[in-house]
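Presented below is the structure to which this report refers.
The values are calculated or read from the model by the stated rules, or taken from the named source; none is laboratory data. Keep in mind that this is a model prediction, so the values were computed, not measured. Note that each Cβ is placed from the backbone with ideal geometry, even for glycine, and that neighbours are counted across all protein chains shown. Surface accessibility is based on the protein's heavy atoms, side chains included, excluding ligands, DNA and RNA. Shrake-Rupley method; radii C 1.70, N 1.55, O 1.52, S 1.80 Å.
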Number of protein chains: 2
Amino acid sequence: MRNYVIKGNICYSRTSKELCIAENGYVVCKDGKSAGVYESLPRIYEALPCYNYENKLVIPGLVDLHVHAPQYPFRGLGMDLELIDWLNTHTFVEEARYADLDYAEKAYDIFTEDLRNSATTRACIFGTIHADATLLLMEKLEDAGLTAYVGKVNMDRNSPEYLCEKSAESSAEDTQKWILDSRRFRHVMPILTPRFTPSCTDELFEKLSGLQKRYRLPVQSHLSENLGEIAWVRELCPGTQFYGESYDRYGLFGSSCPAIMAHCVHSGEAEMELMRKRQVFVAHCPESNANLSSGAAPVKTYLERGIKTGLGTDIAAGSSLSVFRAMAMAIQCSKLRWRLHDQSVSPLTVEEVFYLATKGGGEFFGKAGSFEEGYEFDAVVMDDSAIRHPGKLSVRERLERLIYLADDRHIAAKFISGRVIFRER
Amino acid sequence: MRNYVIKGNICYSRTSKELCIAENGYVVCKDGKSAGVYESLPRIYEALPCYNYENKLVIPGLVDLHVHAPQYPFRGLGMDLELIDWLNTHTFVEEARYADLDYAEKAYDIFTEDLRNSATTRACIFGTIHADATLLLMEKLEDAGLTAYVGKVNMDRNSPEYLCEKSAESSAEDTQKWILDSRRFRHVMPILTPRFTPSCTDELFEKLSGLQKRYRLPVQSHLSENLGEIAWVRELCPGTQFYGESYDRYGLFGSSCPAIMAHCVHSGEAEMELMRKRQVFVAHCPESNANLSSGAAPVKTYLERGIKTGLGTDIAAGSSLSVFRAMAMAIQCSKLRWRLHDQSVSPLTVEEVFYLATKGGGEFFGKAGSFEEGYEFDAVVMDDSAIRHPGKLSVRERLERLIYLADDRHIAAKFISGRVIFRER
């Protein structure tokens, strides 16, 4: 049943400056897409079934542009290190466990169930180098009704022996087989996922470039997260002017495919300009950038320059799977960046982070993340009655408050492309 | 019944560097105080009733050194301003509502119930200028079994007419009456609460100094939170070398009474030195300092110099009443401070923030915030089973994870000075 009406306080972004609210309004789902938001229901839709969420908030599903599913077990742990040491000490050890499908089964069950119960409707997810475990993850996400891009990770250098693919060739072969195997899913799609430049040889990048062209896949990776990492890439890639070029020279930086680059904390002018030109998506991961002492990205600058930007939770460098928490942290980190570092870049507003978490990131999936007509019908119904208040708040205030205070208890219902994920908790 | 044993994984701080864990251990409550932590239960305690929280974590109750109860309704709202504008635009308007006891009744019910359900066992709380509403708050806290210092706020200048006491004299009179009225409470105690230097005349400070000496009360206020505020104090108090002197010259800065100063984001060398000498407690409020773009306090420096320090949630400049979230934010903000501003002050560790949230802040209440022998028996039992993991974690890891991920769903039981606040949810 993909034609229905939802009644409630409808909130959505048109731009990063414009938050639209229809109090006691209606949003119509037709064939899995939004047929628009209405103050009063047009007669042609009166015959449709109506889910009445009067007094609750109805927002577009949130989009997580960067999350590592296999790292979910160690979220909130071991964050006393910077990126490269953190990878070697904690991350690679955990990811190696996914060679064992029994472990993957248990771990991905937990991840999928928690993601299903969250306000996230769409996500771009890293798996591990293991094709079988990654397919298992994709199957679980598909069964849960979620929409996602999922990547089998590629890494054939500078990685511990237990988590290093034998050669560029075997990495590419495994990847090709995985791409073909993943054709059976409807809502979960493959995305090329070279971990990051330090862990991929030129030969591997070349082969991935070939696969990209052949299967027309999007790409996700990491960019300019940490100063040590950036210096290392400079060493590894003589002839490049900046980190982004290490992807761009293989067509993996938006020139021949949509690309998401996580972090972009320390991107310089030239890198930003190429990101803009190539329409590369920045996955801004504020909690991760704080936890690993990476810094704080100049997100306002990205928005002002028209660089496509969304939010990522970046489990497990970020501890929380909640995109609400990522929104709050995005504001908070932008304020600390302004105060402590650079007063030329102003802090983010509520309107801007709500846009980033919905329409900003949603654009990677096409028309998603808003209730404007023609957008995928991804909706989350928020019941904030447990966040009690002695008086009365406006819908705008209730939405703002949820950014700071929401957790999965407040999510009353969830819909993706019109599919009902759940309607009661 | 104040003599019993709790069995579980007992975690507590001895110092800011030393986290003690007794796995499957025992902590004994005798007459409301800890009789020590044991790996196996000494025979003399075998006859005591035992609450078996096997497999759960048992930690000292958390201490919130700075929270504004009347601001609880607007937590998570209106944080696009810096301190002084935020006070004038949002805070004073809300606080004025507490002239109405019906509103205060509703609002303080919500605050008290949420505080009771949190992991906080002791708190230092700001009320408003209204003595009646403040007594109402104290009564509710007392009825809930919580231990707290609560202050009727003093402000007789630079405040909007609707929230400004008529004169220093009437402010002091109201305060004296309130002090006497509050004698009826057992666990909730009065604390002198001049809002901050800009809102108190010299005459008012003098009178409060008199009340302090007469009733031997501790003091709480704000210090060096925001650069504009500091410049204003410099103007208002010619002859002072730094903000802290504006309290010190009236004996309200630790010389004749224990004092808590919230924030201390921008304290200079001389102020720090006086804080150390006077044993002033810093209430570090990281989320507030991010939300109001105040900055990030050099907490590691405070610890290294032996300045007494604890954590505050600072509702409503902080959005969350959870001291766990304050712990996570304290680490995160210290990392951003290190990365963006000053690499001479290293980030906080898990051990340090756990200490700050328990024994560090607890010291303001005497021997509180630890399970060492003789400490007040404040305990919180954490059930982290809902934060699922595919493998097995150590107790240390489970505690670390809770700092980032705990909410009130994970609190299974709570005890204060041996009193049972709740034992089931």
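Here are some notes:
- Only a single criterion out of (1) open to solvent by less than 20 Å² (accessible area, probe 1.4 Å); (2) touching an Asp or Glu at 6+ places or on another chain (Cβ under 6 Å); (3) on the phi < 0 side of the Ramachandran plot is not satisfied by A:V380, namely (2).
- Looking across A:A357, A:A368, A:A379, A:A412, one residue alone is more than 18 Å from the chain's Cα centre (by Cα) and at pLDDT 95 or above. It is A:A412.
- Output for the stretch B:195-207, where each listed residue is in a loop (DSSP other than H, G, I, E, B) and either among the hydrophobic types (A, V, I, L, M, F, W, C) or open to solvent by 40 Å² or more (accessible area, probe 1.4 Å) (or both): B:F196, B:C200
- Some residue of the stretch A:141-160 being farther than 21 Å from A:D109 by Cβ, among the polar types (S, T, N, Q) and under 20 Å from the mean Cα position of the chain (by Cα): yes
- If the condition is being at the interface with chain B (Cβ under 10 Å from one of its Cβ atoms) and assigned to a helix (DSSP H, G or I), then the stretch A:367-398 contributes A:R396, A:E397, A:R398.
- Those residues of the stretch B:298-317 which are of a type in the set (K, R), touching a Phe, Trp or Tyr at 6+ places or on another chain (Cβ under 9 Å) and either under 11 Å from B:R276 (Cβ atoms) or outside the structural domain of B:A69 (by TED's automatic domain parsing) (or both), in sequence order: B:K308
- Helices (runs of 4 or more DSSP H) wholly inside the stretch A:62-126 that include at least 2 residues being in contact (Cβ under 8 Å) with a residue 40 or more places away in the chain, of a type in the set (F, W, Y) and open to solvent by 30 Å² or more (accessible area, probe 1.4 Å): none
- Across the stretch B:336-360, the qualifying residues are those that are hydroxyl-bearing (S, T, Y) and in contact with a helix residue (DSSP H, G or I) (Cβ under 8 Å, 6 or more places away or on another chain), and the one among them that is nearest to B:L19 (Cα to Cα) is B:T349.
- Among the residues of the stretch A:16-34, the one identified as of a type in the set (S, T, N, Q) and open to solvent by 60 Å² or more (accessible area, probe 1.4 Å) is A:N24.
- Every condition in (1) within 25 Å of the chain's Cα centre (by Cα); (2) surrounded by fewer than 22 Cβ atoms within 10 Å (Cβ to Cβ); (3) assigned to a strand (DSSP E or B) is met by A:I59 except one, and the failing one is (2).
- Filtering the stretch B:208-235 to residues that are within 17 Å of B:S171 (Cβ to Cβ), open to solvent by less than 70 Å² (accessible area, probe 1.4 Å) and part of a helix (DSSP H, G or I) leaves B:L208, B:S209, B:G210, B:L211, B:Q212, B:Y215.
- In the stretch A:284-311, the residues that are more than 22 Å from A:A270 (Cα to Cα) reach residues that are part of a helix (DSSP H, G or I) and among the hydroxyl-bearing types (S, T, Y) with C-beta atoms within less than 8 angstrom, at least six apart or across chains, in these pairs: A:P286/A:S334.
- Within the stretch A:157-170, none of the residues are in contact with a strand residue (DSSP E or B) (Cβ under 6 Å, 6 or more places away or on another chain) and assigned by TED's automatic domain parsing to the domain that holds A:G244.
- Every test in (1) open to solvent by 10 Å² or more (accessible area, probe 1.4 Å); (2) over 18 Å from B:Q220 (Cα atoms); (3) part of a loop (DSSP other than H, G, I, E, B) is passed by B:S255 save one, and that test is (2).
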